[in-house]
1. How would you classify the range 554-627 from its alpha-carbon gyration tensor, with a ≥ b ≥ c the square roots of the eigenvalues: rounded for a/c under 1.5, else prolate if a/b is greater than b/c, otherwise oblate?
2. Along the Cα→Cβ direction, 7 angstrom out, place labels at residue 724 and residue 328. What is the inter-label distance in nm?
3. Please figure out what share of the DSSP beta bridges in the chain is antiparallel and state it in percent, rounded to the nearest 5.
4. How far is it, in nm, from the label point at residue 477 to the one at residue 415 when both lie 7 Å from their Cα along the line to the Cβ?
5. Skipping prolines and chain starts, which residues have an amide H placed within reach, meaning under 5 Å, of the one on residue 76, given they are 5 or more residues away or on another chain?
6. I'd like to know which of 658, 83, 221 lies farthest towards the positive end of the charge dipole of the chain, counting +1 on Cβ of Lys and Arg and -1 on Cβ of Asp and Glu.
7. Return the calculated 222 nm mean residue ellipticity for the chain, to the nearest 500 deg cm²/dmol, obtained by summing -39500 (n - 2.57) across DSSP H runs with n ≥ 4 and dividing by the residue count.
8. According to the Kirkwood expression over distinct Cα-Cα pairs, how big is the hydrodynamic radius of the range 575-724, in Å?
Amino acid sequence: MANDRAMHPRRLHDGRYQWPAAFLLFLAFSILLFGSSLAGHLTTAYIGHDEDPRIYMWFLRWWRYALDQHINPFFTDLLWAPHGFNLAWSAFVPLPAWIAIPIGRALGEAAAYNVLCIIALPLAALSAFLLCRRVTGAFWPSILGGYIFGFSPYMLAQMLGGHLNLIFAFAIPLLVLAVFRRLDGEVPAWRFTLEIAVLLIVQFLCGIELFATMTLFGGFAILIALVFFDGDSRARLVRLIGPLAAAYAIAMLVVSPYLYYLFMRGSAGAPAWPPARFTGDLLNFIIPTEVNLFGTFGLARAITGKFSGDLYEKSVYVGIPLLLLIESYRRMKWRTRAGRFLIVMLAITVVASFGPALRVAGRAVLPMPWAIFTILPVLSGALAARFAIYTSLVISVIAATWFSDAPARTSTKIIAAASVALFLVPNLVPSFWKSRLDIPAFFTDRAYANELAPREIVLPLPFPDSGKSMYWQADSDMYFRMAGGWTVTSPFEFTRMPAVRYFYGAIDLPEAADQLKAYIARFGVQAVIADPEETNFPIWQQTLAPLGITAQNEKGVWIYKIPGDSFAAYAKLPAAQVEARANALRFDAIVEAAGKYLADGHDLSKLSPLELKRLDLLPRDWLVDAAPDAYRDWQIAPASGGQVGIIVVGSYEGVRPLIERYRAIASEIDYPAPTRWTPDAHPRLDVVKPLLVTFDSAHLTAAAQKLRDSPPPERTTPFVAGVTAGL
C-alpha cells in the first residue's frame with residue numbers, strides 16, 4: 001500500500017495559492033455559462049427549467065420565515081392545509097437556505113436561488129480538485145479532475161432541474177480527502193473524528209439523499225479496500241472504523257431534531273417514484289443529453305428521448321474519450337492495489353446507476369442487483385440514475401492520476417485532455433439554462449391582501465406541483481395557506497382524493513365538479529385562485545362553473561371566493577367512499593369501452609387508451625396523452641393468452657369495491673400490482689397504488705354488456721346520496 005498513490009498520496013509542500021486560483025477558475029466558468037443570461041434579470045429569471053426551481057425558492061423563503069417568526073421549521077400548515085406537512089420528508093435544504101438568508105433579505109429568494117446555483121458547481125469542482133491534487137500532486141491534472149466532477153453531466157442535469165439538495169455535494173470529496181490524511185498519519189484520531197463529523201453534518205443539512213447514498217458507497221469503499229489491501233495498510237483501514245463510527249454518532253447527535261421529525265413524527269409513506277422510473281441507460285454512457293453540447297444534435301436527441309425518466313435524470317454520460325482513458329488507466333494500474341480498488345469502485349457505481357434492471361434505449365434487458373436496496377428506508381426513495389455522482393468522482397481521480405502518471409508524451413496528454421473537455425462541454429447557449437419567473441400582478445402588487453384574509457386556505461390552480469403557486473405563496477410572505485403543495489411526497493389524506501390527481505393533470509375524472517366540491521369542503525378551502533394563462537384553464541372553468549360562484553378577474557388571476565356555509569353536505573362524506581365512487585365510474589367507462597372495442601371486431605393486439613380515444617369509445621372529455629411519461633390514473637393493454645389488463649390507481653379502500661365486484665370473473669387481480677391479490681391479503685391502507693384486473697375477452701365483453709343492461713348503483717344515484725349510501 002505504501003507505493004499506491006491513491007491510498008497513500010504524495011505530500012504537498014507547495015500550492016499555497018493553487019486552491020484559490022482553482023476556485024476562481026471554476027467560478028468564472030460558472031458565471032460565464034450560467035450567470036451571463038441573468039444580467040439584469042437576477043430577480044426576474046432563474047437558472048433551471050420547470051417547477052422545481054420555484055419550489056426550492058419556497059424552501060429558501062420558508063427558512064427565513066420560520067426563523068423570523070420563531071416557529072418550528074420542521075412542520076408547517078402553510079402547505080396541505082389544514083392538516084399540514086412534516087417538512088423533514090422534503091428536500092428543504094437547511095444549510096444552503098441559511099447561507100442564502102442575507103441575499104434573500106436584500107434581493108429576494110429568486111436572486112438567492114440563482115446565487116446558490118452559480119456557486120454550487122464550483123464548490124464541488126474545488127473539493128474534487130483538492131482530492132485529486134492530494135492524490136497526484138499535480139495542478140493541471142487536478143483541475144481537469146475537478147472539472148470532471150463539478151461540471152459532470154450529473155451536476156449539469158440536476159442544476160437544470162433546480163435540485164439544490166443534489167448539487168451541494170462539495171462535502172463528499174472532502175470526506176475522502178480527510179480519510180487520506182488520516183491514513184497518511186497527518187492528523188490524530190480525535191481531529192479526524194471532528195473533521196468527518198463536521199462534513200457529515202454539512203452534507204446532511206444540504207441533502208439527506210446524498211448523505212444516505214454517500215454512506216452506502218462509503219461503506220462499499222471500505223469493504224473493497226479491506227479486500228485489496230493487506231498488512232499495515234489493512235490495519236490502518238481497520239483503525240478508521242472506530243473514529244468514523246464516533247463521527248457518525250456526533251453528527252447524528254447534532255442533527256437529532258431533524259432525525260426526530262424524520263423518523264418519529266411520521267414518514268412520507270411510499271417512495272415518490274418507482275425504482276425503475278429514473279435509471280441509467282447503457283447508451284447514455286456514450287450519448288449525452290441536451291445538457292452537453294454534443295447532446296444538442298438531432299441524432300443524439302432522438303436516441304436519448306428513448307431513455308427512461310426526464311432530462312434531469314439522464315445523467316450517466318461519460319463520453320468516449322474518458323472511456324478510453326479509463327481503459328488505459330486499467331491497463332496501467334491494474335497490477336497495483338489502488339488501481340484495482342478504483343476500477344472495482346467504478347464498476348460498483350456504474351452497476352448501481354442502472355437500478356433494478358439494465359436498460360438499453362429505454363428497454364429493460366437484464367435484472368440488476370440494486371433491486372435489493374429498494375426496501376431500505378431513505379435509500380428506497382433514491383433514484384438510481386443519481387448514483388452517477390459517485391461514478392464521476394471516481395473517474396475524476398482516475399483521470400487526474402492518468403494525466404499525472406501515464407508515460408505518454410506531453411502533446412499526447414494535451415490532445416487527450418482537450419478531447420475529454422470537449423466531449424464534456426456543457427450546452428453553450430446561455431438561454432438554455434434560464435427561465436422567466438412570471439408571477440401575476442395580483443401577487444406582486446399585494447392585491448391578495450384586499451381579497452384574502454391572512455392564513456385563508458386557498459386552492460391554487462395550477463396545483464402547487466407546477467411550482468408556480470408555491471412561489472406565489474413565498475412572494476406573498478406566506479400570507480395564505482394552500483390546500484395542496486409540492487413536497488415530493490404528499491399526505492395520504494390528500495392523495496387519495498380523486499380531485500388531487502385531477503389537479504395533477506388526470507383530467508379524466510368522473511363527476512369532476514362534485515369531486516371538486518368534496519375536496520373544497522373536506523379541507524376548508526375558502527378561495528380558488530386560477531391562472532388563466534394555464535393550458536388547462538378552460539377545463540378548470542367548466543369544472544368550477546357548477547360551484548355557482550361568480551369569479552372575479554383580478555390582476556391576472558381568477559378568484560372564486562367560497563362562502564363559509566357552502567357544500568356542507570359534501571364535508572360529511574367519507575373519503576374512502578368519495579374515492580371508491582370515482583374509481584368505479586372510471587373503471588365502468590373503461591370496461592364498457594373495451595367491451596365495445598372487442599364486440600366490434602377490432603384487433604386485440606392494438607388495444608390501448610389512444611386507440612379507444614381515436615374510436616370515440618371513451619368519454620369525450622377524457623384527455624389521453626401519447627407521451628410515455630404522461631401522468632394517467634388508468635391504463636389498458638393486451639395481456640398474455642389473448643387477455644386484457646385494466647389498471648386503475650387508488651387506495652385499498654378505494655379499490656376494494658371493484659375487487660369484490662370482479663373477483664368472480666377476473667382471470668387475475670393484482671393489488672398492489674404486480675402483487676397477486678388473495679382474499680386473505682392485507683395491503684397497506686395508507687398508500688395509493690395500482691390495481692390490475694385481468695380478464696379474458698369473453699368475460700370482459702360480458703361485463704361490458706352487463707354494465708349497459710343493468711347499470712350499477714354509482715351510475716344511477718346522485719353524488720352525495722350515492723357516496724353517503726356507499727354507492
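Quick note: the coordinates plus some simple rules give every number you see, no bench work behind them. Not measured: the values here are computed from a predicted model. Because the Cβ atoms are built from the backbone with ideal geometry, glycine has one as well, and the counts that use them run over all protein chains shown.
1. Because a/c hits 1.5 or more and a/b fails to exceed b/c, the range 554-627 counts as oblate.
2. So the label points at residue 724 and residue 328 sit 8.0 nm apart.
3. If I count the DSSP bridges inside the chain, around 85 percent turn out antiparallel.
4. So the two model labels end up 6.4 nm from each other.
5. 85, 87
6. Farthest towards the positive pole: 221.
7. Values: 31 runs with 361 residues, N = 727.
Result for the chain, helices only: -15500 deg cm²/dmol.
8. Numbers: mean 1/r = 0.0633 Å⁻¹.
After inverting the pairwise mean of 1/r, the radius is 15.8 Å.
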